[in-house]
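Before any comments, here is the structure.
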Amino acid sequence: MTTVPASSSTSHPLLSGRTAIVTGGANGIGAAVVRLFAEHGAGVVLVDTDRGAAERLAARIPGVVPIVGDAADPAVATEAASHAPDVLVNNVGDFLRPSTPFAEADESEWEALARANLDHALRMTRAVLPGMIDRGRGGSVVNVTTVEAHRGIPGHVVYGTYKAGLRHFTRSLAVEVGRHGIRVNAIAPDLIATPQVPYERLVPEADRHRWPGWAPLGGPGRPEDVAGPALFLASDLSRYVTGSTVHVDGGSYAAGGWFQRADGSWTNRPLAP
């Protein structure tokens, strides 16, 4: 596995004087984004349903305000928007359900999947946009999607459909609000170890030697690997970037199903995937 050292230098803070909303910010990727944004001078509004984790994180980091609630709740979105954000990171998502063929899937889950993977971003973005436009200083919306928004995912058809919808929301809204100086981009992670996807528990120890073959950069990645690109997209470093997706996946999407053998050769038909 190739290890890329993380940088947390704040000699030139990138978000000084700005306010950012991070949904799902109490754990995993969201918490990593909250920490890095605060380190770079932002006041951060953390939205999460996990009261304990949200309040603990806020207590450790100056300038973090926790809002306990569902990001898809109109009242929660309105409360968050009242903080006059310059940046919105729509990070909420939910994937871990048993793999089920679409023809056998329970329709009662569709609404919950929509709420967790698409509706929250529509709701929260709609709440903050009027203020961003009226304040006239531009802004940045970052939607955390997934590699599954860009490829098929058997057994999770509805989940993949909503994530693909979030990808297109990103592109369409970017075109619509660009004239206001508001940028809209996405991050598509894959193979990131989080509390929701704990690879240390999900992958038996006997199979962990396969991790280097998961992607060109190996695996698994860390939440901090996603926080860095989120900082880039939130800051002026990406002032001319909109409607784009940054893939944070160790190269798994680029590999497109190709896997490297131990001898350095490649196959798209692994005998032991």
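When you go through G69, G28 one by one, which is the residue that is touching a residue at least 12 places away in the same chain (Cβ under 8 Å), surrounded by fewer than 20 Cβ atoms within 10 Å (Cβ to Cβ) and under 20 Å from N143 (Cβ atoms)?
Numbers: G28 fails: surrounded by fewer than 20 Cβ atoms within 10 Å (Cβ to Cβ).
Matching residue, one of G69, G28: G69.
Answer with yes or no whether A164 is part of a helix (DSSP H, G or I), of a type outside the set (S, T, Y) and modelled with pLDDT of 95 or more. Steps first, please.
On the way: part of a helix (DSSP H, G or I): yes; of a type outside the set (S, T, Y): yes; modelled with pLDDT of 95 or more: yes.
Here the answer is yes, as A164 does meet what is asked.
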Open item on the list: Testing L231 on (1) modelled with pLDDT of 95 or more; (2) crowded, with 18+ Cβ neighbours inside 10 Å; (3) in contact with a helix residue (DSSP H, G or I) (Cβ under 6 Å, 6 or more places away or on another chain); (4) under 22 Å from D94 (Cα atoms), one condition comes back false. Which one is that?
Closed with: (4)
Open item on the list: Given the criterion among the hydrophobic types (A, V, I, L, M, F, W, C), modelled with pLDDT of 95 or more, within 20 Å of A227 (Cα to Cα) and in a helix (DSSP H, G or I), identify the matching residue among A127, A121, A174.
Closed with: A121
Open item on the list: Condition first: part of a helix (DSSP H, G or I), farther than 23 Å from T49 by Cβ and not hydrophobic (A, V, I, L, M, F, W, C). Can you find one or more residues in the stretch 134-144 that meet it?
Closed with: yes
TODO: Six or more apart or on different chains, Cβ under 6 Å: which pairs go from a residue in the stretch 91-112 that's more than 27 Å from T125 (Cα to Cα) to one that's surrounded by 10 or more Cβ atoms within 10 Å (Cβ to Cβ) and of a type in the set (S, T, Y)? Could you list them?
DONE: none
- [ ] May I ask you to say which residue of V64, V87 is within 16 Å of the chain's Cα centre (by Cα) and buried (at least 19 other Cβ atoms within 10 Å of the Cβ)?
- [x] V87
Task: Search result, residues across the stretch 12-54 that are in contact with a helix residue (DSSP H, G or I) (Cβ under 8 Å, 6 or more places away or on another chain) and among the acidic types (D, E) - done: D48
- [ ] Give the stretch 245-273 a look and list any residue that's small (G, A, S) and either at pLDDT 95 or above or surrounded by 18 or more Cβ atoms within 10 Å (Cβ to Cβ) (or both), or say none.
- [x] G250, G251, S252
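Here is a yes/no grid of residues against (1) assigned to a loop (DSSP other than H, G, I, E, B); (2) of a type outside the set (V, I, T); (3) at pLDDT below 95:
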residue	(1), (2), (3)
M1	yes, yes, yes
L14	yes, yes, no
G25	yes, yes, no
A31	no, yes, no
R35	no, yes, no
V44	no, no, no
V47	no, no, no
G52	no, yes, no
V65	no, no, no
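How many residues does the stretch 150-161 contain that are touching a residue at least 40 places away in the same chain (Cβ under 8 Å) and part of a helix (DSSP H, G or I)? Before the answer, list the steps.
Let us first name the residues in the stretch 150-161 that are touching a residue at least 40 places away in the same chain (Cβ under 8 Å), namely 150-151, 154-159.
Those left that are additionally part of a helix (DSSP H, G or I): 157-159.
Qualifying residue count for the region: 3.
The values are calculated or read from the model by the stated rules, or taken from the named source; none is laboratory data. Predicted, not measured: the structure shown is a model, and the values here were computed from it. Every residue, glycine as well, gets a Cβ built from its backbone with ideal geometry; the counts of neighbours run over all protein chains shown.
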